[in-house]
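Only one structure is covered here, and it is reproduced in the block below.
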Amino acid sequence: MTISSLTRGSPRFVATGLAAMALLAGSTTAGLAAEKTADAEKPAVNDLPKMLQESVKSGQIEVVRRFKTDVPGLSGYVLSQSGQHQIVYSENGYLIVGKIVSPEGKNLSAAYTEKYVPKPDLAKVVEQLRSADHLVQQGPDNAPMMYVFADPNCIYCHKFSEQAAPLVKAGKLQLQWAMVGFLKESSAGRAAAILTADDPARAFAKNEAGFDEDTESGGLEPAETIDADIQQVLEAHAKQMAAAGGSGTPTLVYKDAQGKWQSKVGAPGREWLKRAVIRNAQ
């Protein structure tokens with residue numbers, strides 16, 4: 001079992017959102033506020049539900065911690081695999097993958113994620129990206145910068161590129177694209193074609209200009225073979241994306257108004273981008 005096997009979502013995601021929603025009556029939000037993080041613990045393997053035991057023993061996943069939920073008898077488990085995290089729940093041997101919503105409409109799962117899931121070390125990810133030489137830059141050096149993990153066949157990466165284009169062309173935003181290749185069979189080849197081009201920025205622009213939204217395919221011809229060093233770059237970017245908390249593409253890494261690195265998954269829209277640029281320009 002892998003984390004992604006617990007969830008079935010958009011193909012743009014490595015291990016994406018929740019497969020089901022469990023609307024559990026009878027829970028309250030009071031317990032969450034009162035519960036201390038110290039109540040969470042890393043359980044012994046033999047104390048785990050059978051399905052999790054088998055996956056941990058086989059080395060497929062790690063159970064980072066177990067915690068009490070607001071639902072009597074229901075335990076939560078934080079799973080980790082390749083830098084990505086997922087919360088699942090268990091009661092009487094059953095595993096539940098989904099969102100817990102209280103009778104008052106509060107998303108308890110979001111609160112559990114905030115409280116118990118380890119926060120990504122974004123400064124470390126940025127340091128790794130800065131030390132690499134296979135990023136694709138758009139926009140001037142002196143503009144506010146944003147790192148973007150992207151698959152060349154990702155339609156939401158394409159939409160983000162379109163949203164950001166006016167700011168990039170106006171010299172108000174610098175994008176550093178970190179290519180990955182996992183969505184389709186042609187993804188790694190297209191990413192390699194971009195990275196090995198004489199002008200990677202132009203190759204990236206050509207891929208976007210010819211993007212077919214109906215088939216969700218980039219417009220650049222994939223490379224027939226991928227050199228070992230480029231394959232290592234794609235794999236490194238995928239690990240860095242996961243370390244940044246990215247469950248899919250595009251994953252953005254940017255500075256907030258306080259100058260701290262933050263991450264965001266998806267195409268947030270032109271207005272969000274404008275606000276982000278204004279904040280970073282101040």
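Do any trypsin sites (Lys or Arg not before Pro) in region 121-161 lie in a DSSP loop with no more than 16 other beta carbon atoms within 10 Å, and if so, which? If you can, show how the numbers build up before the last one.
Details: sites: Lys124, Arg130, Lys159; in loops: none.
Listed in order of number, the matching sites amount to none.
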What is the distance in Å between the Cα centroid of region 219-282 and that of region 138-214?
10
How charged is the neighbourhood of Ala188? Take every other residue with its Cβ under 13 Å from the Cβ of Ala188, and add Lys/Arg as +1 and Asp/Glu as -1.
-3
Please name whichever of Trp272, Pro72, Val180 sits farthest to the positive end of the charge dipole of the chain, dipole taken about the Cα centre and charges placed at Cβ: Lys and Arg +1, Asp and Glu -1.
Pro72
When we measure straight from the Cα of Lys260, which aspartates and glutamates land under 18 angstrom away, once same-chain ones fewer than 8 places off are left out?
Glu114, Asp121, Glu127
For log10 I(q)/I(0) by the Debye sum over Cα atoms at q = 0.09, 0.13, 0.14 Å⁻¹, which listed value, (i) -0.37, -0.82, -0.96; (ii) -0.43, -0.95, -1.11; (iii) -0.49, -0.93, -1.04, comes from the coordinates shown?
(iii)
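Treating only the Cβ of Lys, Arg, Asp and Glu as charged (+1, +1, -1, -1), what charge dipole size does the chain show about its Cα centre? Round to the nearest 20 debye. Walk me through the numbers on the way to the answer.
Working: 30 positive and 31 negative charges, 208 e Å.
With only Lys, Arg, Asp and Glu charged at Cβ, the dipole is about 1000 debye.
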Please report the carbon-and-sulfur percent of the accessible area for region 146-269; probe 1.4 Å, protein heavy atoms only, DNA, RNA and ligands left out.
45
Using only the Cα atoms of region 90-161, what do you get for the radius of gyration and for Dmax, in Å?
19.2, 57
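The values are calculated or read from the model by the stated rules, or taken from the named source; none is laboratory data. What you see is a predicted model, and the numbers here were worked out from it, not measured in a lab. Don't worry about glycine lacking a Cβ; one is built from the backbone with ideal geometry, like all the others, and counts go over all protein chains shown. Please note that ligands, DNA and RNA were not included when accessible areas were found on the heavy atoms of the full protein model with its side chains. Shrake-Rupley method; radii C 1.70, N 1.55, O 1.52, S 1.80 Å.
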